[in-house]
Structures are given as C-alpha cells and as structure tokens.
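Please read the structure below before turning to the comments.
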Amino acid sequence: MPELPEVQTIVDDLVQAGLIGRIIVSCTIFWPGCLAGIDQYAFADGVCARRVARLWRRGKYIGCRLSSGRSLLVHLRMTGRMVMHDWAAPYGKHEHVALGFDDGRELRFYDPRKFGRIWLTDNPDALLHRLGPEPLSRNFTAQVLAERLAGRQRAIKPLLLDQTFLAGLGNIYVDEALWQARLHPLQAAGSLSMDQVRALHRAVRQVLRRGLANGGTSLGRGQGNFSATIRGTGQNRHALKVFRRTGQDCPRCGAVIRRLVVGQRSTHICPQCQQAGA
DNA sequence: AAGAATGTTACATG
DNA sequence: ACATGTAACATTCT
C-alpha cells in the first residue's frame, strides 16, 4: 500500500518528529527475517551509537543516513509501517525491529504481513540505481516520459507499475492517473500520442501531489492499512475517482466504474472515459 | 467456515 | 521484451 505519497508522508513525519540529530542507543530485533543481507548482531552493532544524519525517500524506499556513513533503507512493501513510541510502551505482535533514541523514544518497524525489508548498507545506490525517474522531480518532463515509452509494446498499466520504468507508483495511483488521463490500462505504451503522453505526465504528477497533500491513502482501519508515523491515516481515499469504486458512478461522466484484472492486479476504470483504442 | 483476495516485489520460466 | 506464475505472510473479505 505505501506508494510514493505514503512513503513521503512517513519521511516527512520522521523529520517532523525530530529524528535528525538523534542518536540510536538501542536496537531490539524480534524478527530477524526482515533484515536483508545482514544478521541481527551485525545490524544492531552497525546502528547503535550512530546519529541520524539525513532522511530521504527514493521511489518507495525510506533512506536514513547514519553518522557512520552507512545508510538504512526501508521498504514497507504491502503493510509495513514506521511507528513511534516511548521505549517503555509494550511491544505489539507485529513490531519486528525497534530503534531506541537518546530522547527515550523508539522508532519501530511494524509489518503484519512481513513482506517489508530493512537494509544497512555502505552503498544505498546499489539498491536504488535500478529505479526509474522520480515522477515529481524537475527532470521528469513529458518529453522524458515520451522517450521512455517509445517503442514499448507492453500495456501501459503494468509498465507504470514497473519501478525501473518510473519510481514510486503503485496500484492505487496508477489507476487514478490512467483515469485522469483518460487512458485504458491495456493500451500499448508505445502507441500513446504526444497529447496522451502529456496528459499522462500531468495526471501522474497531479494524483501524486494530491495524495501527498492529503497525507496518503488509507483504505480502511485494518492492521494492514496505511498509517503514517505522526499523522496516522491519510485522507486521500476521499479524493479517489476510480480505485475501489467498482459499481459507483464515474465522477466525470456518470458511467458505472468497472473492475478488471490487468497483469494479475485489480484494476478500476470508467468504461466510458477510458476506451481501449486511441 | 473454508477459501479467496489483498495495496509489493523478486525471481523463475516460457 | 514481455507475460505469467510463484513465493514471501497474516488478516480481512466473501
């Protein structure tokens, strides 16, 4: 669930919480399986007594540069959260790693489905360099998008979900962007007209910015639903036009929204606004 | 109440 | 290049 707006909301929350400059004084690991390519002892050793120097986001990764020069990378996958508690707060069932800070708080990695992963690495770029462009960066122009789409035979939706093509989009924002741009998810990526590319470019950026402004999308109240570190649930669900609105009316034309499956992912479209052709 | 579905991604196989 | 299937896992939905 956490896509670019959700991950950015979390990073903003962590900065807001004053994490930068804090020193990690303890590390408790309840489920070592979430640590990627490092054993729990080396991990704890590698983070303790280090200061948080920088927090950032790239795609759906949270980055945390430590004073040692190494960086933590966190990918929340489907159901991961970063939660903040006083160190004395009892541990919940799904809290797998806890980093204690010098002000008595603990940042805990919570993930009921256990798909999320944490790396500790000298070279975060080794993981991040494969990612496509940042959709909200200045460099990501309609022209760049057009160049990346050119010649691709793949359907546009699975391509937009491919993190090496464009970083940060997931199922929710792809469906929303395609609706906004009036594109059918199965249209061949390379067949978009320049007008369609421009519309898609604008739509991607607009739905992401709106998601961010709304503090992310939380779909329900279950344990796996998105919740940021400070702000909690996001309000962007109310701004969704098609995602999980099967059977309801398209806000643009009034047609009934349909659900289909594209590349094994549930997909929501307005059959009126989003025609297969061009 | 059993079985299916769930917002992600990596990998394996045609 | 691309599509498809699978696996990781627990909870929620049907």
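Find the residue count for segment A:168-188, including only residues that are buried (at least 23 other Cβ atoms within 10 Å of the Cβ) and within 19 Å of the chain's Cα centre (by Cα).
9
Pick from segment A:98-140 the residues that are in contact with a Cys (Cβ under 9 Å, 6 or more places away or on another chain) and aliphatic (A, V, I, L, M): which of them is nearest to A:ARG50 (Cα to Cα)?
My answer is A:LEU99.
Look through segment A:1-29, keep the residues that are of a type in the set (S, T, N, Q) and out of contact with any Gly (no Cβ under 7 Å at 6 or more places or on another chain), and return whichever of them is most open to solvent (accessible area, probe 1.4 Å).
A:GLN16
Among the residues of segment A:38-54, which ones are surrounded by fewer than 18 Cβ atoms within 10 Å (Cβ to Cβ) and among the aliphatic types (A, V, I, L, M)?
Correct list: A:ILE38, A:ALA42, A:ALA49, A:ALA53.
If I filter segment A:60-72 for residues that are open to solvent by 10 Å² or more (accessible area, probe 1.4 Å) and in contact (Cβ under 8 Å) with a residue 60 or more places away in the chain, do I get at least one hit?
yes
Does segment A:244-270 hold any residues that are more than 21 Å from A:LEU161 (Cα to Cα), open to solvent by 20 Å² or more (accessible area, probe 1.4 Å), part of a loop (DSSP other than H, G, I, E, B) and not polar (S, T, N, Q), and which are they?
Hits for segment A:244-270 are A:GLY247, A:PRO251, A:ARG252, A:CYS253, A:GLY254, A:ALA255.
I'm told A:LYS241 meets every condition in (1) modelled with pLDDT of 95 or more; (2) surrounded by 19 or more Cβ atoms within 10 Å (Cβ to Cβ) except one. Can you identify the failing condition by its number?
(2)
Of the residues A:ASN225, A:ASN139, A:ASN214, which is more than 16 Å from DNA strand C (Cβ to nearest atom) and surrounded by fewer than 17 Cβ atoms within 10 Å (Cβ to Cβ)?
A:ASN139
Go through segment A:122-135 and report how many residues are crowded, with 17+ Cβ neighbours inside 10 Å and either at positive phi or away from DNA strand B (no atom under 14 Å from the Cβ) (or both).
Looking only at that region, the number is 1.
Among the residues of segment A:239-278, which ones are away from DNA strand B (no atom under 16 Å from the Cβ) and touching a Cys at 6+ places or on another chain (Cβ under 8 Å)?
Within segment A:239-278, A:CYS250, A:ARG252, A:CYS253, A:ALA255, A:VAL256, A:CYS270, A:GLN272, A:CYS273 meet the criteria.
The values are calculated or read from the model by the stated rules, or taken from the named source; none is laboratory data. Because the structure is a prediction, the values reported are computed rather than measured. Glycine gets a Cβ as well: all are built from the backbone with ideal geometry, and neighbour counts include every protein chain shown. These area figures cover heavy atoms from the full protein model, side chains too; ligands, DNA and RNA do not enter into them. Shrake-Rupley method; radii C 1.70, N 1.55, O 1.52, S 1.80 Å.
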